[in-house]
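Readers should treat all values here as calculations from the given coordinates under stated rules, not as data from a laboratory. None of the values given here were measured: they were computed from a predicted structure. All Cβ positions, glycine included, derive from the backbone under ideal geometry; neighbour counts span all protein chains shown.
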Amino acid sequence: MRIGINASFLRKPGTGIGQVTWHFLESLGKLPEAKNHEFFLYTEEEVFSPKLGQNFTIKAVMPKWRRDDQIRKWLWEKQVLPREVVADTCDVFLSLYQSASIMPIPHVVLVHDLIPEVFQEYRRTFRQKFFWREVKQALRKARLYIAVSKYTKTDMEKLLHIEAQKIAVCHPSIDPLFQEEVSIAEKARVILKYNLPESFLYHGGGTEIRKNTEGVLRAYRELKKILAKNELPKLVISGYVHSAKNKLATPVEKLVAEYGLSEEVIVLGYVAQEDMAALYSLARLFIYPSRYEGFGLPVLEAMTVGVPVITSRVSSLPEVGGTAVLYTELDNPQALALLIKKTLGDESVLSKMSENGKLIAKHFTWKEFTEGVLRQTLHVCRQKK
């Protein structure tokens, strides 16, 4: 069987979808049942990829519009991909994210989230509105959907009116780097590289407004009022610092100054993937009161490493965190500050959260995810015969 795969996000390995794409393909190449099929991976440019067998072909195909923007993305997904899969006589096509592609063969779509549908801020411009409309139109024409969480499945049913029986759920996992024991030497290296303090709270995962970095800073300002100076850990924030013109990103440095937290808050900016496990493991708490997550990779990363997590009880986060994490109210900085103070003051609670987080995190594996996605894709292809 010939299976075409949209592997565009191999060129963006630092993103959540990029990580899922890379590790899915890496795992797929190791599955014994995958050796019975041919795979055509389509990308927008020459990319690095996992080591794959001879039954994998990577094709970099580009539209005539070369500028990397939404026009190119639309042309690639809407025109280039369908043309290529027909030329390669693929039997079924798998999109590893929700795209605007409408395929002439059975199409399976991995859906990570419905952010543009939930938040109007993500479709403010004409191009954003147009592209999301095209994606929704394409989604409704797919043969089968794979949601990364039960919550995303519910969103698809409620917001896009897709039939429940056409949506399977397969939970992804995280970079295997997080599953390795972080050595003392590695921790020391990361401390020196980023000039980290001895004790700190950590907030990462990106600075998009939905990640609620502003809520973390407001809570930390309250925490500063109720903890003595010698008891107050520093707050470390990582994530690419966007231009102030970007309306979808939190102006982190501006808020730190406005809230009078310049001495207590350290803004690292982008942190290399190979440094992330050590960064998590050095923190006393990982604070992540996000407003919306299709899955919530940062919470699973933190749990795997063993750092206690405080997050919000919204979207898919309870599905990932289960009973291993603590939950806070959104838009209540006082409540979050008090929860942080209470948790920091009880070492037995911190220890139990760390142990439980590691146990729950073990249930999320790439092998199970990949087997589920491949099984659903093959099932759709066999149905047409």
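Karplus-based coupling profile of segment 294-299, in residue order and whole Hz: x, 9, x, 4, x, 5, with θ = phi - 60° in 6.51 cos²θ - 1.76 cosθ + 1.60 and x standing for Gly or Pro. Calculated on the Cα set of the chain, radius of gyration then Dmax: 21.6, 70 Å.
Evaluate E = 1/(1 + (r/R0)^6) for Thr15 and Arg284, where r is the Cβ-Cβ distance and R0 equals 35 Å; express this FRET efficiency to the nearest 0.05. After rounding, the FRET efficiency stands at 0.80. Projected label points at Leu31 and Ile71, each 7 Å from Cα along the beta carbon direction, are separated by 3.9 nanometres.
Here segment 176-361 is assigned +1 on the Cβ of each Lys and Arg and -1 on the Cβ of each Asp and Glu. Its dipole about the Cα centre then comes out at about 460 debye. Comparing mean-square fluctuations of Ala138, Ala257, Ala335 from a GNM of the chain with C-alpha springs under 10 Å, the top value falls on Ala257. Using the Cβ-Cβ distance between Ala87 and Lys362 with R0 set to 56 Å, the FRET efficiency works out to roughly 0.85. Averaged over residues, the count of other Cβ atoms within 10 Å places the peptides 317-323, 126-132 in the sequence 317-323, 126-132, highest first. With R₀ fixed at 30 Å, the C-beta to C-beta distance from Thr154 to Gln179 puts the FRET efficiency at about 0.55.
Order 89-97, 224-232, 166-174 from most to least packed using the mean count of other Cβ atoms within 10 Å. If you can, show how the numbers build up before the last one.
On the way: 89-97: 23.4, 224-232: 11.7, 166-174: 20.2.
Put in order of decreasing packing, that is 89-97, 166-174, 224-232.
Distance from the alpha carbon centroid of segment 327-355 to that of segment 109-182 works out to 31 angstrom. Taking label points 7 Å from Cα along the Cα-to-Cβ direction, Leu227 and His161 give a separation of 5.0 nm. Dipole of the chain computed with +1 at Lys/Arg Cβ and -1 at Asp/Glu Cβ about the Cα centre; of Ala147, Ser243, Ile162, farthest Cα towards the positive end is Ile162.
Ordering Tyr202, Tyr292 by the number of other Cβ atoms within 10 Å of each residue's own Cβ, fewest first, gives Tyr292, Tyr202. Across the alpha-carbon set of segment 292-385, the Rg to Rh ratio works out to 1.15, Rh being the Kirkwood radius. Per-residue 3J(HN,Hα) values for segment 60-67, derived from phi via the Karplus relation 6.51 cos²θ - 1.76 cosθ + 1.60 with θ = phi - 60°, read 8, 10, 10, x, 5, 7, 8, 5 Hz in sequence order (x marks Gly and Pro).
Ranked by the mean number of other Cβ atoms within 10 Å of their residues, highest first, the peptides 75-85, 305-315 fall in the order 305-315, 75-85.
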